[in-house]
1. Restricting to segment 25-53, count the residues that are modelled with pLDDT under 85 and assigned to a helix (DSSP H, G or I).
2. Given the criteria under 40 Å from the mean Cα position of the chain (by Cα), without any contact (Cβ under 8 Å) to a residue 60 or more places away in the chain and at negative phi, does residue 84 qualify?
Amino acid sequence: MNNKNKNPFKTPEGYFDSFQDKLMAKLSDDNVAIPKDNAFTVPDNYFEDFNDRINKKLSEESKVIPLFPVKRIMTIAASVAAIALIFFGYQWNNDQDVNFSDLANTDIEAYFENTEFDLSSYEIAEVLPFTDTDYSNMMSLPIDDENILDYLSEGLNDFEELNLQENE
């Protein structure tokens with residue numbers, strides 16, 4: 001790979017010694033492709049009405065194509081703005097306050113069942129407000145002894161739950 005010092009382009013020996021003689025011989029030959037007369041000619045009376053033709057072309061109104069299409073960009077910007085306004089306007093109108101009453105009872109029960117609070121039933125009872133409780137409806141309903149016994153037999157799994165003394 002020592003091609004750095006080698007020149008791949010070479011001319012034959014003595015090429016430029018006889019170059020001028022060969023060129024003159026080819027130019028003096030009659031079959032040469034170089035024309036003998038002037039190849040570039042101007043049509044007759046070209047420069048006489050030249051100014052009139054230039055002024056005529058300058059006075060003609062030609063179509064101008066802008067490099068920066070303002071109308072297209074304004075149309076695109078207006079459509080993007082309209083889409084953004086519709087989207088954000090729809091989002092702002094959908095904002096509703098979520099209340100506790102909107103939650104389903106099953107969701108609330110599932111939350112308390114799946115979340116460990118490390119609180120006893122007595123600690124939870126201390127936190128609950130007792131002032132909003134209305135007992136007037138409870139007293140108007142007749143409660144039979146049978147209903148109480150049925151409730152206690154179905155609702156209580158362990159009789160120890162009835163013990164109201166704090167053992168902890």
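The values are calculated or read from the model by the stated rules, or taken from the named source; none is laboratory data. All values reported here derive from a predicted model rather than from experimental measurement. Note that each Cβ is placed from the backbone with ideal geometry, even for glycine, and that neighbours are counted across all protein chains shown.
1. 4
2. So residue 84 passes the test.
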